[in-house]
Amino acid sequence: MKRLFTVVLLMLAFTVSMTAQTKEARQWMKQGEWRCGFTTAKAHKTLDVDQFYVQYHKNEAQWQTLFNWLKSTDLLAIPAGRHPIPNSTLVASVEDSENGPLDKRDTESHRKKIDFQLVVKGTEGFALLDHELSTIKKEYDERKDVMRYNYVPEKTNFFNVKQGQFVIFFPTDWHIAKVLTKKKDQNIRVIVVKMDYME
């Protein structure tokens, strides 16, 4: 009985701690200092604010470098291609692309990197996979830092990210990018940056 009581107390303390962290993370997000002055885009509502809060504070210099680069760069004028971000190991992939049929798009998740994706032009279709029903299609490839999945479309969360919004996919976010939307124009410009995931 004493052991059970101890377990209950520990669970309660953990819940209280997590609730406090969530409140702190949301307040931090709202205050916006993390933006480093980059105010022309906002996070999509799917963002896991708690994870972003934790990862940002574990790797503050790298996130600040990203947002400072976004602030100081003409994201519509910069040529498509890979652009090293000065004074860092980060590389911005500027992609002029288009959404496509779901069966032509692959699933992915990563262990070492976090996907930061900013839609600069157009509307990009995305999907987040259901963890319970999805199964591994291709085992983790350490060199490419990617794992592929089988999934059930009916249990998948499809959503659009508009121009001026960004998404951040953490290792627990099994996702699909560049999914066909209901928009007439499927052309998009997206900035993709692989951020380090900190354990």
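The values are calculated or read from the model by the stated rules, or taken from the named source; none is laboratory data. Predicted model only: the values in this text are computed from it and were never measured. Please note: Cβ atoms are built from the backbone with ideal geometry, for glycine as well, and neighbour counts cover all protein chains shown.
So that you can scan it fast, the table gives a plain yes or no per residue for (1) surrounded by 18 or more Cβ atoms within 10 Å (Cβ to Cβ); (2) in contact (Cβ under 8 Å) with a residue 40 or more places away in the chain; (3) farther than 24 Å from VAL49 by Cβ; (4) over 14 Å from the mean Cα position of the chain (by Cα):
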residue: PRO86; (1), (2), (3), (4): no, no, yes, yes
residue: LEU90; (1), (2), (3), (4): yes, yes, no, yes
residue: ASP103; (1), (2), (3), (4): no, no, yes, yes
residue: GLU108; (1), (2), (3), (4): yes, yes, no, no
residue: LEU133; (1), (2), (3), (4): no, no, yes, yes
residue: VAL146; (1), (2), (3), (4): no, no, yes, yes
residue: VAL152; (1), (2), (3), (4): no, no, yes, yes
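Looking at the range 19-31, is at least one residue surrounded by fewer than 16 Cβ atoms within 10 Å (Cβ to Cβ), within 17 Å of the chain's Cα centre (by Cα) and of a type in the set (Val, Ile, Thr)? First the steps, then the outcome.
Initially, the range 19-31 is screened for residues surrounded by fewer than 16 Cβ atoms within 10 Å (Cβ to Cβ), giving 19-24, 26-27, 30-31.
After this cut, where a residue has to be within 17 Å of the chain's Cα centre (by Cα) as well, the list is 26.
Next, only the ones that are of a type in the set (Val, Ile, Thr) stay: none.
For the range 19-31, residues surrounded by fewer than 16 Cβ atoms within 10 Å (Cβ to Cβ), within 17 Å of the chain's Cα centre (by Cα) and of a type in the set (Val, Ile, Thr): absent.
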Residue within the range 20-40 that is of a type in the set (A, V, I, L, M, F, W, C), in contact with a strand residue (DSSP E or B) (Cβ under 8 Å, 6 or more places away or on another chain) and either part of a loop (DSSP other than H, G, I, E, B) or modelled with pLDDT of 95 or more (or both) present: yes
Candidate set: the range 155-177, residues that are among the β-branched types (Val, Ile, Thr) and closer than 21 Å to ARG111 by Cβ; chosen: the one nearest to the chain's Cα centre (by Cα): ILE168
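Just give me the residues in the range 154-164 being outside any strand (DSSP E or B) and closer than 20 Å to PHE52 by Cα, in sequence order.
GLY164
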Number of positions in the range 165-199 that are in a loop (DSSP other than H, G, I, E, B) and small (Gly, Ala, Ser): 0
The one condition in (1) among the acidic types (Asp, Glu); (2) assigned to a strand (DSSP E or B); (3) closer than 20 Å to GLN163 by Cα that GLU108 fails to fulfil: (3)
So GLU98, is it modelled with pLDDT of 95 or more, under 23 Å from THR123 (Cα atoms) and crowded, with 17+ Cβ neighbours inside 10 Å: no
Top-ranked residue in the range 65-91 [being outside any loop (DSSP other than H, G, I, E, B) and aliphatic (A, V, I, L, M); ranked as nearest to ILE188 (Cα to Cα)]: LEU70
